[in-house]
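Derivation of every value follows stated rules applied to the coordinates shown; laboratory data play no part. Keep in mind that this is a model prediction, so the values were computed, not measured. When we count neighbours, we look across all protein chains shown, and the Cβ atoms used for this are built from the backbone with ideal geometry, even at glycine.
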Amino acid sequence: MFTGAGLVYTARTWETGQRTLESQMQGQITDRYSKATEQLGSEMIEVRLGAIYALERIARDSQRDSRTIQNVLAAFSRNRVPCASNSSQRPAYCASPKPSNAAYPYASRLDADIEAALQIAVSLTAVTKIGLDLSKVQFQSSELKGINLSGASMVEAKLSSANLTKAHLVGADLRRAVLYDAFFDGANLSHANLSGAFCSTQQYTTSFTYASLRYADVTDAQFSHADLQGADLTGIYMTHPDDKPLIPPVIPNGFVEASMGDVRLVGAKLPGAYMWGADLLAADLSGATLRDAHLRSANLSLANLAGTDLRGTDLRGADLRGVKGITPAEIRKVAITDASTKFDS
C-alpha cells in the first residue's frame, strides 16, 4: 500500500516537474522570439542576420512555431526588398521594366539578410507543408536563379527583369503577376497558375526557353512576343477563353507573334487562343485543342498536328508546309483557310 502511494506521488511529482520545465522552455522561446523579431527592424544588417538565424533555431526547437516564423520571414522578404521602399533611394527600375536603351542591371543579387530569410522560409515549407506567402512581392531586377518557390503564393508579384533561370515554381500562384523582360529559361512552372499574368509584350520580351509549363493555367495571360523556344507546354489550358474577336492593332492576351519553335503543346487546351504570327516551327501540337483559335500568319511548318482539334481555327496566311498527322484536305474541311494559306504543293 505504501509502495503504491509512493509510486503515485512520484508520478505526480514527475508530471508536475515536466509541466514546469515545459512552461519554462516555452517562456524562453517566447523571449527569444520577441527579441529576434525586434532585431529584424535594426538598421544594421549584421543584427538583422543574427535575428533571422535566431528565428531559424527557434523553429527547429519548437516545431509548432514553424508556421509563424515562416510567415514572419516571408513578410520580412516582401518588405525589405529595395522596390518595397518609399524612400528617395528606391531604384529607378522599380517603376517599370528595364527599357531596351537603359543602363539598369537586369538582375542584382538580393541583400544577404533577404536572401537568408527567403532560404530559411523555403526550408520551413518541408515542416509546415504550406507554400510561402509572397503576394505582391517586388523582386524587380533581382537575381533569383535556381530559387525554389514551389507552391508559393505570388499573386500580383512584380518580377520584371528578374532572373529566374532554372527556378522551381511548381504549383506557384502567379495570377496577375508582372513578368515583363524576365528570364525563366529552364524553369519548372508545371501546374502553376499564370492566369492574367503579364508575361511579355512587343517592347518587353520574356524568355521561357526550355522551361516546363506543363498543365499550367494560362487563362487571359499575355505571352505576346515571348520566347518559348523548346518549352514544354503539354496540357496548358485556358479555363474561360475570351472568344470575342479583336482587330489589330489591338494586342489581346495569348501568344501573338510568340517564338515557339520546337515547343511541346501536347494535349494543350487553347480554344479561342490568340496566336497571330506565332512561330510554331516543328512544334508538337498532337492532341491539342485549338478550336476557334486565331493562328493567322502563324508558322506551323513541320508541326505535328496529329489529333489536333482545328475546328474553326483561323489559318489564313499560315504556313502549313510539312505538317504531320493530318492532310491538307482534312485541314481545309474543318479550319478557316484561304489562298494565302501555305500547303505542300
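In what sequence do Thr37, Thr125 fall when counting other Cβ within 10 Å, fewest first? Mind showing how you got there, number by number?
On the way: Thr37 16, Thr125 19.
Ranked by crowding around the Cβ, least crowded first: Thr37, Thr125.
Could you list Lys145, Lys35 so that the one with the fewest beta carbons within 10 Å of its beta carbon is first and the one with the most is last? It would help to have the intermediate numbers written out before the result.
Values: Lys145 17, Lys35 11.
Sorted ascending by nearby Cβ count, the order is Lys35, Lys145.
Quick check on the exposure proxy: order Ile58, Ile130 from fewest to most C-beta atoms within 10 angstrom. It would help to have the intermediate numbers written out before the result.
Details: Ile58 19, Ile130 15.
Neighbour counts put them in this order, fewest first: Ile130, Ile58.
Excluding same-chain pairs closer than 8 in sequence, count the lysine pairs in segment 194-345 whose Cα atoms lie under 22 Å apart. All intermediate terms of the calculation are to be shown ahead of the outcome.
Values: Lys244/Lys269; Lys269/Lys324; Lys269/Lys333; Lys324/Lys333; Lys324/Lys342; Lys333/Lys342.
Taking the Cα cut-off of 22 Å, the pair count is 6.
Per 0.36 nm of contour for each residue apart, how much would the distance between Glu38 and Asp111 grow if the chain were fully extended, relative to their Cα-Cα spacing? Before the final figure, lay out the partial values.
Working: separation 73, 0.36 × 73 = 26.28 nm, distance 1.92 nm.
Extra length from Glu38 to Asp111 when fully extended: 24.4 nm.
If I stretch the segment between Tyr53 and Lys129 completely, what's the gain in nm (0.36 nm per residue apart, minus their alpha carbon distance), one decimal? Could the numbers behind the result be given before it?
Working: separation 76, 0.36 × 76 = 27.36 nm, distance 2.07 nm.
Gain on extension, Tyr53 to Lys129, equals 25.3 nm.
Check cross-link reach from Lys145 to the lysines: straight Cα distance under 20 Å, and skip same-chain residues fewer than eight apart.
Lys98, Lys136, Lys158, Lys166
Whose amide H sits under 5 Å from the amide H of Tyr274, counting only residues 5 or more places off or on another chain, with H placed in the peptide plane?
Distant-sequence amide H within range of Tyr274: Phe255, His294.
Between the alpha-carbon centers of segment 118-134 and segment 149-216, tell me the distance in whole angstrom.
19 Å
Roughly how many Å is it from the Cα centre of segment 38-63 to that of segment 318-334, as a whole number?
Centre-to-centre (Cα) distance: 62 Å.
How large is ³J(HN,Hα) for each residue in segment 226-231, as worked out from phi by the Karplus curve 6.51 cos²θ - 1.76 cosθ + 1.60 (θ = phi - 60°), to whole Hz, x for Gly and Pro?
Going residue by residue, I get 5, 9, 10, 3, x, 6 Hz, with x marking Gly and Pro.
Could you check the simple spin-label distance between Gln63 and Lys136, using points 7 Å along Cα→Cβ, in nm with one decimal?
3.4 nm
If you look at just the Cα atoms of segment 194-345, how large are its Rg and its Dmax in Å?
For segment 194-345, the Cα radius of gyration and maximum Cα-Cα distance read 13.7, 41 Å.
Please give the peptides 302-315, 265-278 ranked by average Cβ packing (other Cβ atoms within 10 Å per residue), highest first, as a rough proxy for protection. Present the calculation step by step, with values, prior to reporting the outcome.
Details: 302-315: 21.4, 265-278: 23.9.
The peptides rank, most packed first, as 265-278, 302-315.
Ile29 to Glu156: FRET efficiency via 1/(1 + (r/R0)^6), r the Cβ-Cβ distance, R0 25 Å, to the nearest 0.05? Could the numbers behind the result be given before it?
Values: r = 34 Å, r/R0 = 1.38.
Working from the Cβ atoms, E equals 0.15.
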